[in-house]
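Undergrad: Submitted below is the structure of interest, expressed as structure tokens.
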Amino acid sequence: MTGAWWSRKRLFAEIENIVVTARKRAETATITVQPLRGNVSTLIGSGGNIAVLTGPDGKLIIDSGYATSRAKITDALTNLSPDPIKHLVNTHWHFDHCDGNEWMHEDGAQILAHENTRKNLATSTRVEGWDFTFPPSPAGAIPGEVFGDEKTLHFNGATIALKYYGPSHTDGDLSAYFAEADVLHCGDTWWNGHYPFIDYSTGGNIKGMIKAAESNLAKVTDKTIVIPGHGKIAGKAELTDYRDMLVTIYDRVAALKKEGKSLEEIIAAKPTAAYDSKWAGSFVNGDVFTKLVYDGA
Ligand SMILES: [Zn+2]
């Protein structure tokens, strides 16, 4: 069964498609700048959290938000420093992390990503969970450079370690670690305070999400500042809560599925109930997350 039944009827009930709505909302979104440590800051408010490294070599940016936020993101970047944009890294191919690719490239950014991110951006790609088919991205938005497993960049006196997670939220997720500042950007392998979306249409799965959460925990200490793809900037304690939530719900859903229960029966059993007050959102509620886990259990 595809995800279409729940995305249309349960999730995005009446009105507009979620992709269309999200892009429209971003036109009026407020962008908040949060300085983190050293010359690393984050821009919050347009799609996925954006990380910015400033300095005399120019700016290196992780994820580009929505294109409709261009003016406000440009203002926020200029207020941070006058350095031009030189590099853009995409944590994965989703529109709320890559829609700004084209204008950032126009403004001088070379785009770097995992090879599967380029593959998904370069072709027409459907996400069942959003009931939406993305057309191929314009040439300027497609990463000019890709890698397979890992890549280390040296820029503005900083070391930036990029590492592929393997299939998790999509098939192209990477982490970006600013070594000197001790700041880790996890992309959408971490949603702080929200049940995560998992994009099975482009290779994501719950087991990979749990593996990615474990790998994030292995990368951080109590001092590391951790940037989630969505939600507040936090650290190891919150990352641990998230991993525990994923594992507990996975175990419950997998046990019920093994007993031969149908998806409908498992949703009715409310395996997420104890977690919903903290993690359920309007986008991914407890029932939707149960289905996302069921599909990969
Ligand atoms: Zn995503």
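Undergrad: Among LYS270, LYS223, LYS257, LYS261, which is the only one that is of a type outside the set (Gly, Ala, Ser) and at positive phi?
TA: Working: LYS223 fails: at positive phi; LYS257 fails: at positive phi; LYS261 fails: at positive phi.
One residue alone meets the criteria, LYS270.
Undergrad: Exactly one condition in (1) in contact with a strand residue (DSSP E or B) (Cβ under 9 Å, 6 or more places away or on another chain); (2) at pLDDT 95 or above; (3) over 24 Å from GLY157 (Cα atoms) is false for ILE18; which is it?
TA: Result: ILE18 fails condition (2) only.
Undergrad: Just to verify a result, which residue in the range 161-183, among those that are under 16 Å from the mean Cα position of the chain (by Cα) and small (Gly, Ala, Ser), is surrounded by the fewest Cβ atoms within 10 Å (Cβ to Cβ)?
TA: GLY166
Undergrad: Against the conditions (1) at pLDDT below 95; (2) over 28 Å from VAL127 (Cβ atoms); (3) not hydroxyl-bearing (Ser, Thr, Tyr), where does VAL40 fall short? Just the number, please.
TA: (1)
Undergrad: Can I ask one more? Can you confirm whether THR224 is at pLDDT 95 or above, within 16 Å of the ligand (Cβ to nearest atom) and hydroxyl-bearing (Ser, Thr, Tyr)? Spell out how you get there, then give the answer.
TA: Numbers: at pLDDT 95 or above: yes; within 16 Å of the ligand (Cβ to nearest atom): no; hydroxyl-bearing (Ser, Thr, Tyr): yes.
Judged against the criteria, THR224 is not a match.
Undergrad: On to the next question. With respect to THR91, determine if the residue is within 15 Å of the ligand (Cβ to nearest atom), under 29 Å from GLU16 (Cβ atoms), in a helix (DSSP H, G or I) and touching a Gly at 6+ places or on another chain (Cβ under 6 Å).
TA: On the way: within 15 Å of the ligand (Cβ to nearest atom): yes; under 29 Å from GLU16 (Cβ atoms): yes; in a helix (DSSP H, G or I): no; touching a Gly at 6+ places or on another chain (Cβ under 6 Å): yes.
So THR91 fails the test.
Undergrad: Follow-up. When the residues of the range 94-115 are narrowed to those that are within 16 Å of the ligand (Cβ to nearest atom) and under 20 Å from VAL40 (Cβ atoms), which ends up nearest to the chain's Cα centre (by Cα)?
TA: Filtering the range 94-115 for residues within 16 Å of the ligand (Cβ to nearest atom) gives 94-101, 113-114.
Subset that is under 20 Å from VAL40 (Cβ atoms): 97, 100, 113.
Values: HIS97: 7, GLY100: 14, ALA113: 13 Å.
It comes out as HIS97.
Undergrad: Here's another thing I want to ask about it. Check off (1) assigned to a helix (DSSP H, G or I); (2) in contact with a Leu (Cβ under 9 Å, 6 or more places away or on another chain); (3) under 25 Å from LEU88 (Cβ atoms) for GLY208 and give me the number that stays unchecked.
TA: Here GLY208 clears every test but (2).
Undergrad: While we're on this one: Within the range 128-141, does at least one residue satisfy the condition of being crowded, with 16+ Cβ neighbours inside 10 Å, in contact with a Pro (Cβ under 7 Å, 6 or more places away or on another chain) and at pLDDT 95 or above? Break it down into steps so the answer makes sense when it comes.
TA: The initial filter retains those residues of the range 128-141 that are crowded, with 16+ Cβ neighbours inside 10 Å, namely 128-132, 134, 137, 141.
Subset that is in contact with a Pro (Cβ under 7 Å, 6 or more places away or on another chain): none.
No: the range 128-141 contains no residue that is crowded, with 16+ Cβ neighbours inside 10 Å, in contact with a Pro (Cβ under 7 Å, 6 or more places away or on another chain) and at pLDDT 95 or above.
Undergrad: Moving to a separate point now. Hey, could you check the range 55-88 for residues that are hydroxyl-bearing (Ser, Thr, Tyr) and surrounded by fewer than 21 Cβ atoms within 10 Å (Cβ to Cβ) and say which is nearest to the ligand (Cβ to nearest atom)?
TA: So the first thing to find is which residues in the range 55-88 are hydroxyl-bearing (Ser, Thr, Tyr), and the list is 64, 66, 68-69, 74, 78, 81.
Among the residues that remain, those that are also surrounded by fewer than 21 Cβ atoms within 10 Å (Cβ to Cβ) are: 68, 74, 78, 81.
Values: THR68: 17, THR74: 23, THR78: 27, SER81: 28 Å.
Step by step, filter the range 55-88, then rank; the result is THR68.
Undergrad: Follow-up. Would you please name the residue that is surrounded by the fewest Cβ atoms within 10 Å (Cβ to Cβ), looking only at residues in the range 211-234 that are among the hydrophobic types (A, V, I, L, M, F, W, C) and part of a strand (DSSP E or B)?
TA: Initial filter on the range 211-234 (among the hydrophobic types (A, V, I, L, M, F, W, C)): 212-213, 217-218, 220, 225-227, 233-234.
Going one step further and asking which of them are part of a strand (DSSP E or B), we end up with 225-227, 234.
Values: ILE225: 19, VAL226: 25, ILE227: 30, ALA234: 17.
Applying the filter and picking the extreme gives ALA234.
Undergrad: Right, another one. Considering ALA109, ALA122, which residue is touching a strand residue (DSSP E or B) at 6+ places or on another chain (Cβ under 7 Å) and among the small types (Gly, Ala, Ser)? Please lay out each step first, then the result.
TA: Details: ALA122 fails: touching a strand residue (DSSP E or B) at 6+ places or on another chain (Cβ under 7 Å).
The match here is ALA109.
Undergrad: Name every residue in the range 75-88 that is part of a helix (DSSP H, G or I) and touching a Leu at 6+ places or on another chain (Cβ under 9 Å), in order of residue number. Let's see the steps before the verdict.
TA: Let us first name the residues in the range 75-88 that are part of a helix (DSSP H, G or I), namely 75-80.
Answer for the range 75-88, where residues must be part of a helix (DSSP H, G or I) and touching a Leu at 6+ places or on another chain (Cβ under 9 Å): ALA76, LEU77, LEU80.
Undergrad: Now for a separate question. Go through (1) in contact with a helix residue (DSSP H, G or I) (Cβ under 9 Å, 6 or more places away or on another chain); (2) closer than 17 Å to LEU60 by Cα; (3) in contact (Cβ under 8 Å) with a residue 40 or more places away in the chain one by one and return the number of the condition THR125 breaks.
TA: (2)
Undergrad: Quick one: would you say ILE206 is in contact (Cβ under 8 Å) with a residue 24 or more places away in the chain and within 27 Å of LEU60 (Cβ to Cβ)? Before the answer, list the steps.
TA: Values: in contact (Cβ under 8 Å) with a residue 24 or more places away in the chain: yes; within 27 Å of LEU60 (Cβ to Cβ): no.
For ILE206, the condition - in contact (Cβ under 8 Å) with a residue 24 or more places away in the chain and within 27 Å of LEU60 (Cβ to Cβ) - is not met.
Undergrad: Scan the range 150-160 for residues that are surrounded by fewer than 16 Cβ atoms within 10 Å (Cβ to Cβ) and either within 16 Å of the ligand (Cβ to nearest atom) or under 19 Å from the mean Cα position of the chain (by Cα) (or both) and report the count.
TA: Matching residues across the range 150-160 total 1.
The values are calculated or read from the model by the stated rules, or taken from the named source; none is laboratory data. Quick caveat: nothing in here was measured; it's all calculated off a predicted structure. Positions of Cβ are backbone-derived with ideal geometry, glycine not excepted, and every protein chain shown enters the neighbour counts.
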